[in-house]
Amino acid sequence: QVQLVESGGGLVQAGGSLRLSCAASRSIFSMDAVGWYRQALGKQRELVARITRGASTNYADSVKGRFTISRDNAKNTVYLQMNSLKPEDTAVYYCNAFDTGVNYWGKGTLVTVSS
């Protein structure tokens, strides 16, 4: 079991930046992957970015070059730096951990980007 708690969401103007944090209740170093998903109103949840145990990263095409995922193994924390935000980035952002075939989810943090 692992508990995930997101923070850092809020309201920002288009072109602005936010950094999301996800604190895990246990070590993330050995997990298969950790990442961020988002769900906009009326849409399906989608992958934003993830980082594997081997430190490989992948991003949704819509955020490449604007968002950066990172992790601090000592703090059991995953970050999502979001720059050049657009109104279409507005969504609830969920932290995800995948470990030995099980997905764990945080409760989400709302990001609202105004035009």
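The values are calculated or read from the model by the stated rules, or taken from the named source; none is laboratory data. Treat the numbers as computed from the prediction; the structure is a model and nothing was measured. Cβ sites come from the backbone with ideal geometry, for glycine too, and all protein chains shown count toward neighbours. Just the protein is used for accessible areas: all its heavy atoms, side chains included, with ligands, DNA and RNA removed. Shrake-Rupley method; radii C 1.70, N 1.55, O 1.52, S 1.80 Å.
Just wondering, is there one or more residues in segment 47-55 that are open to solvent by less than 50 Å² (accessible area, probe 1.4 Å), in contact (Cβ under 8 Å) with a residue 40 or more places away in the chain, under 22 Å from Asn83 (Cβ atoms) and assigned to a loop (DSSP other than H, G, I, E, B)? The answer is no, given that none of the residues of segment 47-55 is open to solvent by less than 50 Å² (accessible area, probe 1.4 Å), in contact (Cβ under 8 Å) with a residue 40 or more places away in the chain, under 22 Å from Asn83 (Cβ atoms) and assigned to a loop (DSSP other than H, G, I, E, B).
Can you tell me which residue among Asp61, Asp72 is closer than 15 Å to Leu85 by Cα and among the charged types (D, E, K, R)? The match here is Asp61.
Residues in segment 48-82 that are within 22 Å of Gly10 (Cβ to Cβ) and over 12 Å from the mean Cα position of the chain (by Cα): Ser62, Arg66, Asp72, Lys75.
Checking the stated criteria, Tyr37 turns out to be under 18 Å from Val102 (Cα atoms) and either touching a Gly at 6+ places or on another chain (Cβ under 6 Å) or not in a loop (DSSP other than H, G, I, E, B) (or both).
Apart from one condition, Leu85 fits all of (1) open to solvent by 10 Å² or more (accessible area, probe 1.4 Å); (2) over 13 Å from the mean Cα position of the chain (by Cα); (3) modelled with pLDDT of 95 or more; the exception is (1).
Within segment 34-45, is even one residue closer than 13 Å to Tyr79 by Cβ, in contact with a Ser or Thr (Cβ under 8 Å, 6 or more places away or on another chain) and either surrounded by 14 or more Cβ atoms within 10 Å (Cβ to Cβ) or of a type in the set (Lys, Arg) (or both)? Taking every residue of segment 34-45 in turn, none turns out to be closer than 13 Å to Tyr79 by Cβ, in contact with a Ser or Thr (Cβ under 8 Å, 6 or more places away or on another chain) and either surrounded by 14 or more Cβ atoms within 10 Å (Cβ to Cβ) or of a type in the set (Lys, Arg) (or both).
When the residues of segment 1-15 are narrowed to those that are open to solvent by 20 Å² or more (accessible area, probe 1.4 Å) and in a loop (DSSP other than H, G, I, E, B), which ends up modelled with the lowest pLDDT? So, considering only residues that are open to solvent by 20 Å² or more (accessible area, probe 1.4 Å) and in a loop (DSSP other than H, G, I, E, B), the one modelled with the lowest pLDDT is Gln1.
Of all the criteria given as (1) open to solvent by 50 Å² or more (accessible area, probe 1.4 Å); (2) over 14 Å from Ser30 (Cα atoms); (3) part of a loop (DSSP other than H, G, I, E, B), the one not satisfied by Lys75 is (2).
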